[in-house]
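What follows draws every value from the coordinates through simple rules; no lab data is involved. Note that this is a predicted model, so its numbers are computed, not measured. A quick note on method: Cβ atoms are made from the backbone with ideal geometry, for glycine too, and the neighbour counts reach across all protein chains shown.
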Amino acid sequence: MRNSILFFLFIITLNCIGENKASGKTNAPNIILILVDDLGKEWLSCYGAEDIQTPNIDRLAKSGILFNNAYGMPQCTPSRVTLLTGQYPFRHGWVNHWDVPNWGGGAHFDESLNPSLIVEMKKAGYKTCIAGKWQIDDFRVEPDALTKIGFDEFCMWTGQESGNPLPSGKRYHSPYIFTKDGSRTYEKEYGPDIFKNFICDFIKANKDTSMFIYYPMVLTHTPFVNPPNDSATDNLGKHKAMVRYADKITQELINTIEDAGIRENTIIIWTTDNGTTGKITGKRNGRKVKGGKAKTTEAGVCLPFIISYPSLVDSNTISNSLIDFTDVLPTCIDLTGRKIGKEYTRNNTTHYIDGVSFKQALLKNEKSPRKWILSMGGGNNAKLTDKGVENKYLFRDRVIRNERFKLRIDKKRKAIAFYDLLENPNENINLIDSLNTQIRKENFEKLYEITGSFPKKDADPKYKDNPAQEWDVEVSAKSQIWKH
């Protein structure tokens, strides 16, 4: 009964969206998407981490839904572009990591040729803001990149820029940051505090309108450095300190929302872009877990995913629903009271959206409509040619899973591993030659059948070349530069 009433109230809220746009106010929920860099479940105590306490993130999880089966991609670029587009890497083309400011080559995320979550939130009447890490455009080449994609305000680490590596490589102490005033070093300041303060100021200034805030933290990515007032001496100690600082910043952001009086109408999505660096091992639920970044093991791609929305989402909820990063775009749009179909047309180009909305899993405690989730990519298996960035392999290896079983597909579209994650969470018992029970056989066949729906060739990134720069690597038709 309670769920029915909450859902009814939510529908009323959505029907009111836009009624007060003339006054600059809407009833649409604020949405804050927090994306922490390089952090697996083994470093959050709400997910069973034993080597650290993250009390603030734990409280956030208890205030809403903690998802157990949420897939991202195994590395930075594929995850971030998937969030923005609602498409899998085999469709949007950024199958591999590509560090645009550092590697250049005319490559960039082209908002004119791809779906864009931010553009859609702007259409819904939202004020938009981003602070932290982007790394899929070079701001020296496109100083208006973030404006074109739909952000009203921004405060960004530039990423390490080729031709300018020493100052631009700093994201923590004395960081190199890009704003509407250009790029510069902020001497003796701490980058994560600058980004957090920028977002808090945006919230204070825009609390009377609907906001969409994307907060891709620079924490907890290497290099291992101590946050302010911490003095760890080894990499593990520094990593723990960085995680604790991410926990601290999370609470400071929540405090700002509460002080602004908008917590009840604010949806917080808290997740990470991929697993922890392989240099770090943590203990979770009684077993050691080596960081899975760049790998399609569960430690690399089955990520923390927490959603809190006090006015309409039940607290203290744990969900086994299957969701992945392609679902963020359609879900956010759905939460504004609008819909997006599987075929999405923008700038006279029709795009296919792979994601599905999991709004029902939030508001009615139902399962997501998904039957499977997918992850792929990782590593730097892309090449720069005279045609631009191309993927090294025609068909990149990938993993597909349901709530219990996981199938690994190689670059020849062949099934090479099959795991029962319930019985074997370490993924070290391959059942591919042991389909000797009905449940194994049925699940294997269902997962393998999905591979027939994938394109025969993964797409390459879609973009109009940026002008050549003096720091770019020259590439001829006879030479190919592979980035590793």
Would you work out which of Thr185, Tyr245, Val328 lies farthest towards the positive end of the dipole of region 2-378, given +1 charges on the beta-carbon of Lys and Arg and -1 on that of Asp and Glu, about the Cα centre?
-> Val328
DSSP H helices in the chain with Cα extent of 18 Å or more along the helix axis and mean Kyte-Doolittle hydropathy at least 0.5?
-> 2-16
In nm, to one decimal, how far is the modelled label at Lys204 from the one at Asp230, with both set 7 Å along Cα→Cβ?
-> 2.6
Counting helices only, and only those DSSP H runs with n ≥ 4, report the 222 nm mean residue ellipticity of the chain as the sum of -39,500 (n - 2.57) divided by its residues, in deg cm²/dmol to the nearest 500.
-> -7500 deg cm²/dmol
Exactly which GluC sites (Glu not before Pro) in region 170-264 are in a DSSP loop and have at most 10 other Cβ atoms within 10 Å?
-> Glu187
Taking the Cβ of Cys129 as the center, what net charge do the other residues with Cβ under 9 Å away carry, scoring Lys and Arg +1 and Asp and Glu -1?
-> -1
Pairs from Lys41/Lys238; Lys392/Lys464; Lys342/Lys446; Lys41/Lys456; Lys411/Lys464 whose Cα-Cα separation, in the structure shown, is over 25 Å | Lys41/Lys456; Lys411/Lys464
Any chance you could check the Cα centroid distance between region 408-461 and region 139-179 for me, in angstrom?
-> 40
Label-to-label distance, nm, for residues given as Asp181 and Glu264 (7 Å Cα→Cβ offset) = 3.8
At q = 0.10, 0.12 Å⁻¹, what is the base-10 log of I(q)/I(0) for the chain according to the Debye formula with one equal point scatterer per Cα and no solvent? Please give it to two decimals.
-> -0.74, -1.10
In whole angstrom, the spacing between the Cα centers of region 40-112 and region 361-390 equals 10
Karplus 3J(HN,Hα) series, Hz, for region 313-327 with 6.51 cos²θ - 1.76 cosθ + 1.60 (x for Gly, Pro) = 10, 4, 8, 6, 10, 10, 10, 9, 4, 8, 9, 9, 5, 5, 7
Calculate one ³J(HN,Hα) per residue across region 122-129 by plugging θ = phi - 60° into the Karplus curve 6.51 cos²θ - 1.76 cosθ + 1.60, and present them in order as whole Hz with x for glycine and proline.
-> 5, 4, 7, x, 7, 7, 10, 8
Lys342-Lys371 pseudo-label distance in nm [points 7 Å out on the Cα-to-Cβ vector] | 1.2
Cα radius of gyration and Dmax for region 398-457 (Å) = 11.1, 34
Can you tell me the dipole magnitude for the chain around its Cα centre, using point charges on the Cβ only (Lys, Arg +1; Asp, Glu -1), in Debye to the nearest 20?
-> 1140
Leading residue at positive end of dipole, the chain (Cβ point charges), from Trp103, Cys129, Ile194 | Trp103
